[in-house]
Amino acid sequence: MKHQKKQFAICIRNEGAEDIEIRKVYQILPATRAVKDKHLRVIDDSGEDYLYPADYFVPLTLPREVERALSAPSR
């Protein structure tokens, strides 16, 4: 199984969404159907993944070191 690169996005809107914060970076999970429906599957502040409108986020291209730091388990 090929290891898929983790994707991240920054939240720019959160109307009606209490589990995401503006200006915070979130991990985005692959979800082909969600993208077609203009949504992203996001691991939110509850630690669970949910669908949010895609226009609430801007995808980020991060240096590898930053990706590793964001992907590391919390201490």
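The values are calculated or read from the model by the stated rules, or taken from the named source; none is laboratory data. The structure displayed is predicted, hence computed values, not measured ones. Methodologically, a virtual Cβ is constructed for each residue, glycine included, from the backbone with ideal geometry; neighbour enumeration extends over all protein chains shown. Please note that ligands, DNA and RNA were not included when accessible areas were found on the heavy atoms of the full protein model with its side chains. Shrake-Rupley method; radii C 1.70, N 1.55, O 1.52, S 1.80 Å.
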Could you go through the stretch 40-57 and let me know if any residue there is part of a loop (DSSP other than H, G, I, E, B), out of contact with any His (no Cβ under 7 Å at 6 or more places or on another chain) and of a type in the set (K, R).
no
State yes or no: is R33 of a type outside the set (F, W, Y) and modelled with pLDDT of 95 or more?
no
So in the stretch 3-28, with the set limited to residues that are buried (at least 16 other Cβ atoms within 10 Å of the Cβ) and in contact with a Lys or Arg (Cβ under 8 Å, 6 or more places away or on another chain), which one is farthest from L62 (Cα to Cα)?
C11
Counting only residues that are open to solvent by less than 60 Å² (accessible area, probe 1.4 Å) and touching a strand residue (DSSP E or B) at 6+ places or on another chain (Cβ under 8 Å), how many does the stretch 61-75 have?
3
Of the residues that sit in the stretch 38-58 and are out of contact with any helix residue (DSSP H, G or I) (no Cβ under 9 Å at 6 or more places or on another chain) and of a type in the set (D, E, K, R), which one is least open to solvent (accessible area, probe 1.4 Å)?
D44
